[in-house]
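Below is one structure; the comments refer to it alone.
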Amino acid sequence: MANSHGRFVWYELMTTDMEAAKAFYAEVVGWGTQDASMPGMAYTLFTVGGVSISGLMGLPEDARKSGLRPSWLGYVGVNDVDATADRIKELGGAVHVPPTDMEGGQEQPPALNARGGVGWHELLAADWEKAWPFYRELFGWQKAQADTSAMGTYQRFSAGGETIGGMATKPATEPVPFWLYYFNVGDIDVAMRRVRAGRGEILNGPIEVSGGKWVAQCTDPQGAIFALVGKRTHNGIGYFEPVASRNRRG
């Protein structure tokens with residue numbers, strides 16, 4: 001896609017129960033679903049107003065045996081996939097799937113504030129200061145505003161002049177580094193109720209952030225971690241008991 005270098009262009013959930021995941025996210029985030037299966041592989045598109053937002057596929061058996069759990073994966077656009085794959089290895093990263101041609105096109109990803117889209121991208125790194133040069137070199141990201149507290153530094157980053165996410169050093173309670181994607185919802189309280197009703201779990205939140213929005217970090221019934229961002233239409237009065245904070249978000 002034109003002008004996509006350094007920007008997240010696609011998101012994909014690999015899970016152990018596709019049907020359950022379709023129902024859960026359709027209810028929590030309001031996504032529609034569209035079958036896009038190919039020979040030998042079941043695949044579903046999550047959509048908003050007919051526009052594809054993300055994809056859903058089964059977690060491959062060999063990946064399960066290697067210890068991979070259900071999780072969300074973000075795809076970042078680059079000008080040259082082959083050159084970037086080589087550069088990843090030069091910088092000490094690993095390429096698990098080599099550059100592969102894919103059939104079909106894709107719409108430009110929705111704006112960060114689009115309903116049902118991804119409003120924020122967050123890396124919980126083993127050491128964000130060591131991770132930063134790797135991503136800066138690959139994608140041309142620039143540092144934006146940083147917040148420092150007793151819990152450490154939260155470094156926002158931008159692509160193409162727009163701040164799209166942040167990174168921090170993960171808490172010791174998190175076993176491995178991971179990326180967290182925040183899905184835009186209309187009412188954070190309603191969405192959180194739907195998470196619980198759908199047998200998901202609220203890990204942290206709701207927490208107020210800039211712009212009068214609130215965030216919550218959650219897991220779906222299969223254990224994939226995701227987050228929500230939205231307004232509090234009813235100010236949350238009487239809706240929730242306090243949730244112990246595992247970590248903080250910018």
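The values are calculated or read from the model by the stated rules, or taken from the named source; none is laboratory data. Quantities reported herein were computed from a predicted structural model and do not represent experimental measurements. Here the Cβ is made from the backbone with ideal geometry for all residues, glycine too, and neighbour counts use every protein chain on show.
Of note:
- Conditions (1) assigned to a loop (DSSP other than H, G, I, E, B); (2) closer than 27 Å to Arg156 by Cβ; (3) small (Gly, Ala, Ser); number of the one not met by Gly74: (1)
- Test result for Glu162, at negative phi and in contact with a Leu (Cβ under 8 Å, 6 or more places away or on another chain): yes
- Those residues of region 188-222 which are in a strand (DSSP E or B), modelled with pLDDT of 95 or more and out of contact with any Cys (no Cβ under 8 Å at 6 or more places or on another chain), in sequence order: Trp214, Val215, Ala216, Gln217, Cys218, Thr219
- Test: residue in region 102-116 that is among the aliphatic types (A, V, I, L, M), surrounded by 13 or more Cβ atoms within 10 Å (Cβ to Cβ), under 14 Å from the mean Cα position of the chain (by Cα) and at pLDDT 90 or above: no
- Trp132 fulfils the conditions (1) over 30 Å from Glu19 (Cβ atoms); (2) under 17 Å from the mean Cα position of the chain (by Cα); (3) hydrophobic (A, V, I, L, M, F, W, C) except for a single criterion, (2).
- Residues of region 119-128 include at least one that is exposed (fewer than 15 other Cβ atoms within 10 Å of the Cβ) and modelled with pLDDT of 85 or more.
- Members of region 48-85 found to be under 22 Å from Trp31 (Cβ atoms) and of a type in the set (Val, Ile, Thr), listed by number: Val48, Val51, Ile53, Val76
- Residue count for region 62-83, restricted to those that are surrounded by fewer than 12 Cβ atoms within 10 Å (Cβ to Cβ) and hydroxyl-bearing (Ser, Thr, Tyr): 1
- Within region 84-96, residues that are touching a residue at least 24 places away in the same chain (Cβ under 8 Å) have Cβ atoms under 6 Å from residues that are exposed (fewer than 15 other Cβ atoms within 10 Å of the Cβ) and in a loop (DSSP other than H, G, I, E, B) in these pairs: Ile88/Val95, counting only partners at least 6 apart in sequence or on another chain.
- Residue list for region 1-43, filter: in a strand (DSSP E or B), among the β-branched types (Val, Ile, Thr) and within 13 Å of Leu59 (Cα to Cα): Thr15
- Restricting attention to region 126-162, the residues being under 21 Å from Ala83 (Cα atoms), aliphatic (A, V, I, L, M) and in a strand (DSSP E or B) number 1.
- Taking the criterion of being at pLDDT 95 or above and among the charged types (D, E, K, R), the only residue of region 147-165 that qualifies is Arg156.
- Matching residues, region 36-61, being over 28 Å from Asp187 (Cα atoms), touching a strand residue (DSSP E or B) at 6+ places or on another chain (Cβ under 9 Å) and surrounded by fewer than 17 Cβ atoms within 10 Å (Cβ to Cβ): Ala36, Ser37, Met41, Ala42, Tyr43, Pro60
- Residues located in region 44-66, provided they are more than 12 Å from Met14 (Cβ to Cβ) and part of a loop (DSSP other than H, G, I, E, B): Gly49, Gly50, Ser66
Every residue, every condition in (1) at pLDDT 95 or above; (2) out of contact with any helix residue (DSSP H, G or I) (no Cβ under 7 Å at 6 or more places or on another chain); (3) among the small types (Gly, Ala, Ser), yes or no:
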| site | (1), (2), (3) |
| --- | --- |
| Asn3 | no, yes, no |
| Thr15 | yes, no, no |
| Lys22 | yes, yes, no |
| Trp31 | yes, no, no |
| Gly40 | no, yes, yes |
| Val51 | no, yes, no |
